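Here the structure is laid out as structure tokens; the discussion comes afterwards.
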Amino acid sequence: MLAIDLRGKRAFIAGVGDDKGFGWAIAKALREAGAEIIVGCWTPMLKIFTGALAAGKFDESRKLKDGTLLEFAKVYPLDASFDTPQDVPEEIRENKRYKDVGGYTISEVCQSIKQDFGTVDIFIHSLANGPEVQKPLLETSRSGYLQAISSSAYSYVSLVQHLGPIMNQGGAALSLTYIASECVIPGYGGGMSSAKAALESDTRVLAFEAAKRFGIRCNVISAGPFGSRAAKAIGFIDKMIEYTARNSPLGRQIEAEEVANAAAFLSSSLASAITGTVLYVDSGMHAMGVSLDSPAFT
Ligand SMILES: NC(=O)c1ccc[n+]([C@@H]2O[C@H](COP(=O)([O-])OP(=O)(O)OC[C@H]3O[C@@H](n4cnc5c(N)ncnc54)[C@H](O)[C@@H]3O)[C@@H](O)[C@H]2O)c1
């Protein structure tokens, strides 16, 4: 039987803050395949996430197929908008959700992972943030645009830079994008469409550079709309899910587990010749040139 076997591998998943998003689903799939899981949780969410985890609030969704519970070998605080402590502005450093937490910048987290675990085989980037996502591009400020790019795209470049030296040969890096990078999705604003376009382009360049320097592969999954916490904050996710169900070749919305299974495959040696690719897990929506539910067809 051909199986995805990640036994003996260690995965760092950046962007797990509850049990509702892709990061959580990917953690489960990689664990099911045998990998050890460490995660990076956005600093302001850390106490809420670790508190809920310890209180057993996620126990139902922690259940794996063999009946055991998903375990995290370690949860690191992470703010992927900052590379070094010197980059953190005073008002953030002094914020009550940051003040008592140390070592959350990208360089510090990667240094801690090196000290705690030595090496990593799999890196998953499952985070994005655009403070002005609800604003059309024509109303987006320079600062909002640059923050979207910084948190959602450069964070991947920086994490590959810093994790690369401790990634084992044959390792795999993966991020998550959205079709708004290449087609107009009204409502996905604030420079987030630009950030996703950058993320996809950077994946191709890093596939080349990081293969040469670290011996790792870099891919990105373009996921269909899914009702995670981040997506709900954008405000029109239910409409996008319904649109996919009505107009995609498969005629249904996607499940987080389907993205997670694709992530497990891309992270495994079964995908050993796949790098620099965008893999669509979107019920085939990207392939459509017309909307089936358009009044023009009735
Ligand atoms: N949900 C969708 O419809 C959809 C579709 C395509 C792609 N994606 C992408 O999937 C990825 C995961 O998103 P999701 O939808 O599962 O939502 P999610 O809310 O589960 O994940 C986003 C995570 O990013 C974290 N985060 C935000 N800013 C951060 C920062 N500066 N540093 C560290 N962490 C930070 C949040 O705390 C959260 O845990 C994102 O890249 C998103 O753009 C989502």
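Scanning region 260-291 for residues that are away from the ligand (no atom under 15 Å from the Cβ), buried (at least 20 other Cβ atoms within 10 Å of the Cβ) and in a helix (DSSP H, G or I) returns ALA264, SER267.
Pairs are defined by a Cβ separation below 6 Å, a sequence spacing of at least 6 or placement on different chains, a first member in region 78-100 that is in contact (Cβ under 8 Å) with a residue 12 or more places away in the chain, and a second member that is away from the ligand (no atom under 12 Å from the Cβ); the pairs so defined are ASP83/SER107; THR84/SER107. The residues in region 62-91 that are more than 24 Å from ASN261 (Cα to Cα) and surrounded by fewer than 17 Cβ atoms within 10 Å (Cβ to Cβ) can be counted, and the count is 7. Only one entry in GLY235, GLY190, GLY224 is on the phi > 0 side of the Ramachandran plot and surrounded by 22 or more Cβ atoms within 10 Å (Cβ to Cβ), namely GLY190.
In region 14-27, the residues that are at positive phi and more than 6 Å from the ligand (Cβ to nearest atom) never reach a residue that is among the β-branched types (Val, Ile, Thr) and part of a loop (DSSP other than H, G, I, E, B) with C-beta atoms less than 7 angstrom apart, at least six apart or across chains. Region 166-259 holds helices (runs of 4 or more DSSP H) entirely within its bounds, and those carrying 3 or more residues that are more than 10 Å from the ligand (Cβ to nearest atom) and over 19 Å from the mean Cα position of the chain (by Cα) map to 192-214, 237-247.
Report yes if ASP59 is among the acidic types (Asp, Glu) and within 14 Å of the ligand (Cβ to nearest atom), otherwise no. Break it down into steps so the answer makes sense when it comes.
Details: among the acidic types (Asp, Glu): yes; within 14 Å of the ligand (Cβ to nearest atom): no.
So ASP59 does not fit the description; no.
Any read-out appearing in this document is the output of simple, stated calculations on the displayed coordinates, not a laboratory observation. Model, not experiment: these values are computed from the prediction. Ideal geometry is used to build each Cβ from the backbone, glycine not excepted, and the neighbour counts take in all protein chains shown.
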